[in-house]
Amino acid sequence: MLIRIRSIYEGVRLSLYAIWSNKLRSALTTSGIVIGIVMVTTMVTVIDGINRSFESSMEMLGQDVVFVQKWPWGFGGEYRWWDYVNRREMDVTYASEISARSTWASAVSAEASRRGSVTYRDETAEEVQIDGVTASYIRTSAIEISDGRFFTEEEDHAARNVVILGHDVADALFNWRDPVGQRVRIGGRRFEVIGVLERQGNFLGMQSFDNMAIIPINTFRYIYGLHRGISIRVQFDNDQALREGQYEIEGIMRQIRRLDPAEDNDFAINRLDMFEQQYRAMTGAIYGVGIFLTALSLFVGGIGVMNIMYVSVKERTREIGIRKAVGARYREVLQQFLVESVVICFIGGILGIMLSGVAVYAINQYFVAHLGINTILLAFVITTITGLVFGFLPAHKAAKSDPIESLRYS
């Protein structure tokens, strides 16, 4: 065992010497491996980060929820927008009617939104998502209050000027001061801050759930109107209630909209799992393309390693002959050149991981991505396999060479 370890160590030492003696050639050889490793590690890290962000975003949107809306969510294929554009808009009163009639729904809320600014003294938060919601929104969504409280049904019915600020908006306006009890301006009106939301993060690194302000929907009506874009959110207790309840909601909506039996639905019931299925298919396709490009890069890099190893064998023919003449066996010569091939690929892997770290650092500006130990180990496994596969034929040629013919080579 010790002899084998010593032999491998000696092979690594000789490999590093050979690589150092031909630095430019070795650098060109490893470039393909570097590109392949950067691609595979970055792809795995990015998709893992997106998956984490997606799962977190789904939790923020709420579990076991359906959205009753004018427009169906469209994913892939032909989106027949012309069939939906003339549909009647949703109405806030649908929420109370569904709540009264449904036996499966545990909570129902209505919501509408638009972009606006929130001002406190000389500080202004621009492009804030202003959400007008009913009081039951606290039950149908996954939001949590970190400070203060949510508004009541009485405050909604009376159209009180009260607001719950998202974490980023509160930070931008008040820094480290307590916002609760302070007054801000939204849509030309003064609002009392009664609560601040827990930090929620971003949706897939794009839309921030923390850059929002929530006001009663009747207050929203007086400021912005409720002419379009209303969504009804229906919460169920579990998956079974969701499966049964969505058909009940469809029937209730048909009654509310007074549709004849022969008429198609003029509304959409959207579920989060529809989005999730399309998301999984999309990431699967990205994985497939990434694996193909990675394999192509590693193949090109591997061919480069094999060619350089053939050149190395050719240049060291006399050395091989001397080693075999003094008793070196097939396995020992094979091992020497395989180790050299693996070391070349290993160096490419190290450089690739370092560049991947830089890429991941840049990606972290948009969503959380982490270059984990499993990804690093995967990269080294790939480089080792690449070195063994593409280094075998040159190593085999060196190990099978005739010592007498090798000694005659000049």
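The table for this structure:
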| item | result |
| --- | --- |
| Per residue Cα convex hull volume in Å³ - calculated over the chain | 212 Å³ |
| Trypsin sites (Lys or Arg not before Pro) within segment 302-344: DSSP coil, no more than 11 neighbouring Cβ in 10 Å | R329 |
| Radius of gyration and maximum dimension Dmax of segment 40-176, Cα, Å | 18.7, 57 |
| Relative packing of 148-157, 41-50, which averages over residues the other C-beta atoms within 10 Å, highest first | 41-50, 148-157 |
| Radius 15 Å from Cβ of Y94, net charge of other residues (Lys, Arg +1; Asp, Glu -1) | +3 |
| Gyration tensor (Cα) of segment 88-266, equivalent ellipsoid semi-axes in angstrom | 32, 17, 14 |
| Dipole magnitude of segment 88-266 about its Cα centre (Cβ charges: Lys, Arg +1; Asp, Glu -1), debye to nearest 20 | 560 debye |
| Ratio Rg/Rh [Cα only; Rh per Kirkwood] for segment 315-410 | 1.24 |
| Whole-number D in µm² s⁻¹ for segment 194-267, Kirkwood Cα-pair radius fed into Stokes-Einstein, 10 °C, 1.306 mPa s | 98 µm²/s |
| Overall dimensions of segment 247-314 as given by Cα atoms, namely Rg and Dmax in Å | 27.5, 86 |
| Per principal axis, descending, Cα span of segment 113-213 in whole Å | 32, 32, 24 |
| Helix runs (DSSP H) in the chain reaching 30 Å along axis by Cα, Kyte-Doolittle at least 0.5 | 23-61, 272-315, 330-363, 373-400 |
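Read-outs throughout are calculated quantities, based only on the coordinates presented, and are distinct from any laboratory measurement. Predicted, not measured: the structure shown is a model, and the values here were computed from it. Using ideal geometry, Cβ is built from the backbone for each residue, glycine included, and neighbour counts are taken over all protein chains shown.
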